[in-house]
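Worksheet: one structure, shown below.
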Amino acid sequence: MPDQVAVDGGSSLILVEKRWREITTKTVQWIVVAGTAGVIVRLAGQQSEGLKDVDLRVEPWWLIHAVIATSAANLLLPLGWRQLVAAYGQFVDAGRAVRLWCLAQTARYLPTGLVAVASRMQLAAKEGIPRSVTAASIAVETFVLFCWAVVACAIFVPSTVIPGVVRWVSGLAAIGGLFAAPWVLRGLSGRLSRLNKVLVSLPRQRLLVDGIALLGASVAVRAVGTVALAAAFLNVDTTDVPLIIGASYAAVVAGMVGITPAGLGVREGVMAAALASRFGLADAAAFALLVRAWEFGLELVFLGAAAWWGRGRPNNLGRGAKSLEGEGKL
């Protein structure tokens, strides 16, 4: 029989180590938040000379619409990821999935973005989700969001910015990738499962389609939020809507391809360049910085709400997997 004092001492040490890990994780997350805010302020300072002629107004009515649309888009992203995970046979309570996804996103402003991936894999592992499933879901999520952004560019970016042939060829390729993804992923998972060291279950195609649709809905709703934000600060009319959406998602595509964390600087530069011919360089640059600050601020608010929503909720993986087994049958 082990000594009871030794057992109690070991348990206490484990609890202390767990508590210190939690404190360290939260500290790093808030350091990232503070660092990101500093980068945004620095970008604004670097553009201060060009921002002297800024002529922005504020329309609270449109700001309310921007808050609603952006918040809805922020919610649809983790719900879409949750469906992708469910497609591989792993179920997470909605509140905990949103909390997990948002906490991991706080690290996306660190160099290379790998910290955000590792953070989500670690947090998902605590929910009982295998790392292979989390890694696969992140890859699918990134591919899907990139394709939806390319589709938005193909539809809305003017030909004066990107040649029409390039737009439509890339757009059709992206649409083809989105439609083929559920079947390609199932075939790829089947091949990977034959390897001894890679264990990936066959994804359920209907749940993959659900996840792809939710991520697409997030892209569409965020576009509405960006237009509402532009209407709140810029002198826009209905003919400017395609340009604003196109500039926004051209910036997103450039940011995803670029090497900077979360596309910092790249997104702002592309958006300002695309909008400058219509709104002037000063207002376009100011709006590009405003969009980044706006998204960052609402992400913080949403993170707080998500942390409260998912805290203390049980996650019954066995019950969820069983219920989804029937849903995944074709």
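Nothing in this text is a laboratory measurement; each read-out follows from the coordinates by a stated rule. As the structure is a computational prediction, the values presented were derived from the model and not from experiment. Here the Cβ positions follow ideal geometry from the backbone for every residue, glycine too, while neighbour counts run over all protein chains shown.
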- Note on the structure: Quick calc, S277 & F179: beta-carbon distance into FRET formula, R0 35 Å, rounding 0.05, result 0.55
- Residues meeting the amide H criterion for G89 (H placed from the backbone, H to H distance under 5 Å, 5 or more places apart or on another chain) are R204
- Task: Just add up the charged neighbours of G246: K/R +1, D/E -1, any other residue whose Cβ is under 13 Å from the Cβ of G246.
- Result: +1
- Query: For V169 and A293 in one chain, what is 0.36 nm times their gap in residues minus the Cα-Cα distance, to one decimal in nm?
  - Reply: 41.3 nm
- Message: I want to check the label-to-label distance for Q122 and E59. Put each point 7 Å from Cα in the C-beta direction and report it in nm to one decimal.
- Response: 4.5 nm
- Taking R0 as 25 Å and r as the Cβ-Cβ distance between A220 and A94, the FRET efficiency 1/(1 + (r/R0)^6), rounded to the nearest 0.05, comes to 0.75
- Message: Taking 8 Å as the Cα distance limit and 6 or more residues as the minimum spacing, I'd like the relative contact order of the stretch 114-253 as a percentage.
- Response: 31 percent
- Taking every pair of alpha-carbon atoms in the stretch 103-183, give the share separated by more than 18 Å as a whole percent. 55 percent
- Message: Please list 3J(HN,Hα) in residue order for the stretch 215-224, calculated via the Karplus relation 6.51 cos²θ - 1.76 cosθ + 1.60 where θ = phi - 60°; whole Hz, with x for glycine and proline.
- Response: 5, x, 4, 4, 4, 5, 5, 5, 4, 4
